[in-house]
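Here's the structure, in structure tokens; my notes come after.
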Amino acid sequence: MQLLRNLGMLALLLGLGAPALAAPPGLAGQLRQGGYVLLMRHASSPANPPDKALADPDNSADERQLDDKGRVTAQAMGEALRRLRIPLGPVFCSPAYRARQTVKLAGFGAPALAPELGDQGQSMMRITGGGPVIWLKNKVAETPPPGRNTLLVTHMPNITAAFPDSAAGLKDGETLVFKPDGHGHADLVARVAIEEWPQMMK
């Protein structure tokens, strides 16, 4: 019932006339076997922090936070992954509030907060390289535990700096799905908009 309510709200937020999204064929079945790394941009968030009076109670530093669309799509994504029986192993998250909020609302458990996935206090500013980029590339190439998938939740500048060819036009909440080859590299196998996860259940 909660999933149906979320999907109804999602339809309203995205526009009732929007065409149905097509999930990559067979992707859910592949992910069900484990062995993939899901590199996700946090869910929809306004570019500026809220007024203090409008900040979430647990947003103690008055950081940027998810908007209504971000909250609903994060919840719907989490419910869809559980319904699709897609197993998650390690979950790594940016310390930024909007990223932690994405993980919390999706119900992905307590993540490991990784400074390398953070926005370095620069919000949407460009990241040019260095330690965070190397860390992210290595983590994406790291084979997950058997039968599990690794989830990384971060920001557009981080993804663009590490994977410029794959990140073009990446939207809020969108996920790049990589398959590590066990030899220090990973192949991009899919891009999944956050709204597509519930569509995979059809």
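The values are calculated or read from the model by the stated rules, or taken from the named source; none is laboratory data. Remember, it's a predicted structure, so these values are computed and weren't measured experimentally. Cβ: placed from backbone, ideal geometry, glycine included. Neighbour counts: every protein chain shown.
If the condition is being out of contact with any helix residue (DSSP H, G or I) (no Cβ under 7 Å at 6 or more places or on another chain) and assigned to a loop (DSSP other than H, G, I, E, B), then region 41-60 contributes Pro46, Ala47, Asn48, Pro49, Pro50, Asp51, Ala55, Asp56, Pro57, Asp58, Ser60.
Could you list, in sequence order, all residues of region 143-174 that are closer than 19 Å to Ala76 by Cα and among the small types (Gly, Ala, Ser)? Matches in region 143-174: Gly173 only.
Within region 128-155, residues that are without any contact (Cβ under 8 Å) to a residue 60 or more places away in the chain and at positive phi sit with their Cβ atoms under 8 Å from residues that are part of a helix (DSSP H, G or I) and surrounded by fewer than 21 Cβ atoms within 10 Å (Cβ to Cβ), at 6+ positions apart or across chains, in these pairs: Gly129/Ala161.
Here Gly169, Gly147, Gly173, Gly184 are screened, and the one residue that is part of a loop (DSSP other than H, G, I, E, B) and over 26 Å from Pro25 (Cβ atoms) is Gly184. Taking the conditions exactly as written (more than 15 Å from Pro90 (Cα to Cα), in contact with a Phe, Trp or Tyr (Cβ under 8 Å, 6 or more places away or on another chain) and acidic (Asp, Glu)), does Asp172 satisfy them or not? Criteria not met by Asp172.
Condition test on Gly118, is it among the small types (Gly, Ala, Ser) and modelled with pLDDT of 95 or more? Against the criterion (among the small types (Gly, Ala, Ser) and modelled with pLDDT of 95 or more), Gly118 does not qualify. In this structure, does Pro90 turn out to be at pLDDT 95 or above, surrounded by fewer than 18 Cβ atoms within 10 Å (Cβ to Cβ) and assigned to a strand (DSSP E or B)? So Pro90 passes the test. No other residue among Arg64, Arg98, Arg71 is surrounded by 15 or more Cβ atoms within 10 Å (Cβ to Cβ), in a loop (DSSP other than H, G, I, E, B) and touching a Ser or Thr at 6+ places or on another chain (Cβ under 9 Å) apart from Arg64.
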